[in-house]
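This report refers to the structure that appears directly beneath it.
The values are calculated or read from the model by the stated rules, or taken from the named source; none is laboratory data. Bear in mind that the values here come from a model prediction, so they are computed numbers and not experimental data. Cβ placement follows ideal geometry from the backbone for every residue including glycine, while neighbour counts extend to all protein chains displayed. To get the accessible areas, we keep the full protein, side chains included, count just its heavy atoms, and leave off ligands, DNA and RNA. Shrake-Rupley method; radii C 1.70, N 1.55, O 1.52, S 1.80 Å.
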Amino acid sequence: MLCSKLCGMSRDERVWIKRNYGNCSGCRRCEIACSLYHEGKIWPEASKIRIFMIVPGVEIPHLCFQCEDYPCVEACPTGALSVNGKTGAVNVDVAKCTACGQCIEACPGNVPHLHPEGNYIVICDLCDGKPKCVKACQEGRWNTLMLIPREKEVSYRTLAKTPVELTHEVARQILGEETAKEVID
Amino acid sequence: MRGYAGKFLEIDLSSRNIKDTKFSDEVLRDYIGGRGLATKILWDRLGRKWETVDPLGPENILLVLTGPFTGYFPGTKVCVSGKSPQSNGVIGSTVAGEFGVDLKCAGYDGLIITGNAEKPCYIFTCDSQVEIKDASPIWGKKARETLRFLVRKSIAEIKDIRPSHGEVKEPSVLYIGPAGENKTRVAAVVAKYAHGAGYGGYGGVMGAKNLKAIVAKGFGPVPDPYDKEKVIDLAQRFSERNFKMERFRRWGTGGGGYFFGAETSSEPVRNWQSEWHNKESYRKEEFDKYWVKKYWGDFGCPTTCLKLAVLKTGRFRGAICDNPDYELEAYLGTNLGIFTPEENIYLSYVSNELGLCGIQGGAVLGLAAELYEKGILTKKDLDGIELEWANVEAFAALAEKVAFRKGIGDILAEGVYRAAIKLGEIKGANLLKYAVHEKGVAIGAHGVRSGEDFISQNIAYACSVQGGDHTSSASLPIDQGGELSSIMADSAVFCIFAAFGIEDNEKISFYEAITGWKLTKKEWYKEKALRILHLQRALLLLGGPDAKWRPKLDDDNPPRFWEPLPSGPYKGKTLDRKKFEEARLEYFEAAGWNENGVPKAETLRKLGLEDVEAKLKDVALIK
Ligand code: SF4
Ligand code: SF4
Ligand code: SF4
Ligand code: SF4
């Protein structure tokens with residue numbers, strides 16, 4: 001608190017999910033928690049958070065970054081996407097969504113994906129401010145997902161990367177430059 | 001029927017015929033899934049001609065089966081089975097990973113693979129779209145390259161199937177390395193880099209079918225359980241108990257490399273010549289330097305006991321492995337006289353890359369090293385390799401020969417039991433006394449001589465229907481834990497390392513909540529598990545074509561286990577023959593077998609296995 005006052009930052013009530021990629025165990029309990037909450041089933045492909053494992057050992061939790069300028073919302077031609085005023089999450093109006101995919105194109109991290117059965121897009125809604133995925137990750141003490149206050153001055157958009165980009169970054173970090181190259185390229 | 005997808009995918013690789021197969025509720029209620037159902041399918045389809053079926057021939061059936069627990073029970077595995085090229089019986093061999101979940105989400109409870117392909121192939125399934133694809137670009141390739149190719153190619157193909165999906169998450173892959181392709185009996189079916197279904201030798205069965213891999217992607221949900229609320233509640237309670245397993249979560253089984261040597265004297269050292277060491281260099285803390293500091297696990301797992309190790313610098317730079325893991329620490333470490341983490345991680349990596357089972361492959365390297373030490377195998381026999389204990393490069397070179405069946409590797413590829421016989425014939429000596437196996441299966445790295453290991457009973461391996469498999473060891477009393485409990489884990493299909501502190505009754509409650517079918521503990525131990533055990537025992541005794549186990553005579557510990565321990569705090573300790581024979585008889589009787597361990601006609605009838613009785617009469621096992 002003091003720190004944020006000193007450096008002149010302000011904050012609102014919104015939250016943000018911080019990801020320590022290098023810690024991810026690949027337990028996928030976040031996928032389970034998310035799909036149970038939103039779909040009432042264990043359904044990895046319908047989960048709004050997805051663990052990508054292009055390289056075993058380099059598991060990447062991938063979910064919406066809530067970019068401050070919301071390119072996905074901007075791009076949507078039908079008005080299916082909106083920003084939730086309370087949480088800052090992107091809300092999807094599934095009735096309006098035509099699954100045109102323009103939000104995926106616009107997203108710097110290619111985050112949105114189609115629901116596996118319905119004809120609409122899936123984007124993290126922050127569980128209305130109480131993220132189930134974070135709870136699952138915290139209770140198992142993997143410390144990969146952490147809930148932090150959303151800072152106005154931070155550019156979350158710069159953190160929005162694709163699974164492939166993140167895999168490269170994290171693989172370099174945990175395997176070393178040369179070995180990462182060998183396993184990915 | 002709840003907790004099941006409701007159908008199995010049956011693929012005949014010879015005719016390229018693909019169809020759905022279903023089993024009746026009665027069959028599923030009795031045999032559950034995984035190991036139990038595999039045994040039933042194998043008995044029904046191959047039982048009558050079992051002795052003539054070559055495990056490495058086209059007649060064998062490869063089974064990859066989930067169970068009703070897959071997906072909802074925290075900690076997911078899949079069970080691989082078939083006629084085992086190691087025991088010539090049936091082994092339920094499980095491997096962790098997302099494969100079982102992907103398969104169920106694709107709408108299948110399992111795969112039944114028959115025949116053999118003309119050319120190297122792999123199976124690709126994305127929901128109900130199933131194809132047999134060309135594997136020639138990856139035939140001969142090691143783990144990393146195989147996986148990279150399949151992941152990349154499959155993601156592209158799934159994108160073609162679902163063009164507007166967005167980023168496609170990779171499918172799950174089971175595959176074999178060169179060791180499997182070359183039909184060795186020491187090859188694993190592998191997931192990720194270092195997860196293997198090793199016991200049984202099903203990597204070689206895939207190789208014999210020209211089947212390099214199985215790729216599965218499911219977009220559907222895990223099938224609904226009968227009582228979802230109860231299932232989720234139980235799963236959460238089970239998880240919370242595992243969250244508390246602080247030490248195990250931190251070290252996994254990897255604390256064992258020092259512990260089982262120094263403390264319990266039950267770790268194989270130099271081909272089991274001893275079971276004790278107190279090498280400080282092998283303390284668990286020494287492995288920390290190479291540990292990627294995170295807990296590692298698979299779908300739904302609360303324990304995440306796996307540990308990822310990477311060698312970032314030095315002469316073995318580039319090695320990645322799930323080390324430290326106890327079996328690898330032992331079989332690719334202490335049992336070869338290797339006591340440094342770096343070399344152990346490197347050799348484990350080499351073994352994984354080749355698709356060898358760490359235990360079965362490691363055991364045969366240990367056998368060769370002892371024969372070299374004794375002057376029975378020479379440098380010339382080994383094509384110039386100086387197979388001194390601890391010579392990690394020599395072991396890596398020999399592992400390569402085994403996987404590719406080159407030179408002496410062609411014989412060693414047969415596994416400890418068969419290699420000892422073949423080398424014995426060549427050398428004109430009885431070498432079986434150096435082969436530490438049970439029914440052709442090299443024994444897990446938990447010796448029973450000291451009696452201090454958690455696997456402590458003298459009949460643990462001798463009476464197991466899965467031979468040397470330490471995850472399915474026999475114990476008395478028969479109706480408390482032991483093999484009948486392993487049959488539960490391998491048939492409902494869940495990971496025992498994610499099931500700490502969960503009582504039988506709770507597992508049964510979970511089963512009832514998932515399936516909606518009633519079950520009691522008594523029914524399990526006195527009937528259902530016993531029925532599966534009997535089928536496995538019958539098929540094990542039928543054996544063939546190359547090896548047949550003599551009832552009772554071969555239900556014994558390997559010769560080495562009768563030698564006194566030569567060193568350590570339990571020096572001089574060994575098994576007592578009389579006590580062993582008493583325990584064995586007690587076990588046979590408890591199981592409903594005669595004094596030789598042959599299932600009795602009356603027990604078979606009670607279990608509704610009249611057809612097994614008829615078969616055992618045919619071959620004069622029952623008089
Ligand atoms: S719950 Fe946490 S550790 Fe587990 S997969 Fe999700 S992000 Fe990774
Ligand atoms: S897919 Fe749906 S949410 Fe995305 S841009 Fe198109 S209509 Fe909008
Ligand atoms: S990460 Fe993608 S989906 Fe999320 S707000 Fe940014 S553009 Fe939209
Ligand atoms: S915050 Fe909620 S909706 Fe978003 S990924 Fe996590 S569990 Fe799913």
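Points worth noting:
- Out of B:Lys228, B:Lys217, sole residue that is buried (at least 23 other Cβ atoms within 10 Å of the Cβ) and within 21 Å of B:Gly100 (Cα to Cα): B:Lys217
- Entry remark, region A:57-75: residues being within 14 Å of another protein chain (Cβ to nearest Cβ), open to solvent by 10 Å² or more (accessible area, probe 1.4 Å) and more than 16 Å from ligand 4 (Cβ to nearest atom) number 1 in total.
- Residues in region A:76-90 that are open to solvent by 50 Å² or more (accessible area, probe 1.4 Å) and not in a loop (DSSP other than H, G, I, E, B): A:Ser82, A:Val83.
- Qualifying residue in region B:94-104 (condition: assigned to a loop (DSSP other than H, G, I, E, B) and under 19 Å from B:Val151 (Cβ atoms)): yes
- Single residue of region A:99-115 satisfying the filter (more than 6 Å from ligand 2 (Cβ to nearest atom) and assigned to a helix (DSSP H, G or I)) that is surrounded by the fewest Cβ atoms within 10 Å (Cβ to Cβ): A:Glu105
- Test: residue in region B:176-187 that is within 14 Å of chain A (Cβ to nearest Cβ) and either polar (S, T, N, Q) or farther than 21 Å from A:Ala99 by Cβ (or both): no
- The set of residues from region A:57-97 being of a type in the set (D, E, K, R), more than 16 Å from ligand 1 (Cβ to nearest atom) and under 15 Å from the mean Cα position of the chain (by Cα) comprises just one member, A:Glu68.
- If the condition is being more than 8 Å from ligand 4 (Cβ to nearest atom) and in a helix (DSSP H, G or I), then region A:123-134 contributes A:Asp128, A:Gly129.
- Subset of region B:76-93 [part of a strand (DSSP E or B), within 26 Å of A:Phe52 (Cβ to Cβ) and open to solvent by less than 10 Å² (accessible area, probe 1.4 Å)]: B:Val78, B:Val80
The rows are residues; the columns are (1) β-branched (Val, Ile, Thr); (2) crowded, with 24+ Cβ neighbours inside 10 Å; (3) outside any helix (DSSP H, G or I).
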residue: B:Ala419; (1), (2), (3): no, yes, no
residue: B:Ser456; (1), (2), (3): no, no, yes
residue: B:Ala462; (1), (2), (3): no, yes, yes
residue: B:Ser475; (1), (2), (3): no, no, yes
residue: B:Leu484; (1), (2), (3): no, no, no
residue: B:Asp490; (1), (2), (3): no, yes, no
residue: B:Phe500; (1), (2), (3): no, no, yes
residue: B:Glu506; (1), (2), (3): no, no, no
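- Residues of region B:24-48 satisfying the condition of being touching a residue at least 24 places away in the same chain (Cβ under 8 Å) and over 20 Å from B:Lys83 (Cα atoms): B:Asp25, B:Leu28, B:Arg29, B:Asp30
- Scanning region A:23-41 for residues that are over 15 Å from the mean Cα position of the chain (by Cα), over 16 Å from A:Gly140 (Cβ atoms) and either within 8 Å of chain B (Cβ to nearest Cβ) or among the polar types (S, T, N, Q) (or both) yields A:Glu39, A:Gly40, A:Lys41.
- One residue stands out in region B:284-343 among those that are under 29 Å from B:Leu367 (Cβ atoms) and part of a strand (DSSP E or B): the one that is nearest to ligand 4 (Cβ to nearest atom), namely B:Leu306.
- Hey, B:Thr304 among the β-branched types (Val, Ile, Thr), at negative phi and within 14 Å of another protein chain (Cβ to nearest Cβ) or not: no
- Residues that are in a loop (DSSP other than H, G, I, E, B), among the hydrophobic types (A, V, I, L, M, F, W, C) and open to solvent by 10 Å² or more (accessible area, probe 1.4 Å) were ranked within region B:18-75; the one that is nearest to B:Val493 (Cα to Cα) is B:Phe23.
- Qualifying positions in region A:111-153 - aliphatic (A, V, I, L, M), in contact (Cβ under 8 Å) with a residue 40 or more places away in the chain and away from ligand 3 (no atom under 12 Å from the Cβ): A:Val134, A:Ala136, A:Leu145, A:Met146, A:Leu147, A:Ile148
- If you go through region A:137-185 and keep only what is at the interface with chain B (Cβ under 10 Å from one of its Cβ atoms), outside any helix (DSSP H, G or I) and open to solvent by 70 Å² or more (accessible area, probe 1.4 Å), you end up with A:Arg141, A:Asp185.
- Given (1) within 10 Å of another protein chain (Cβ to nearest Cβ); (2) buried (at least 16 other Cβ atoms within 10 Å of the Cβ); (3) within 16 Å of ligand 2 (Cβ to nearest atom), index of the condition A:Tyr120 fails: (1)
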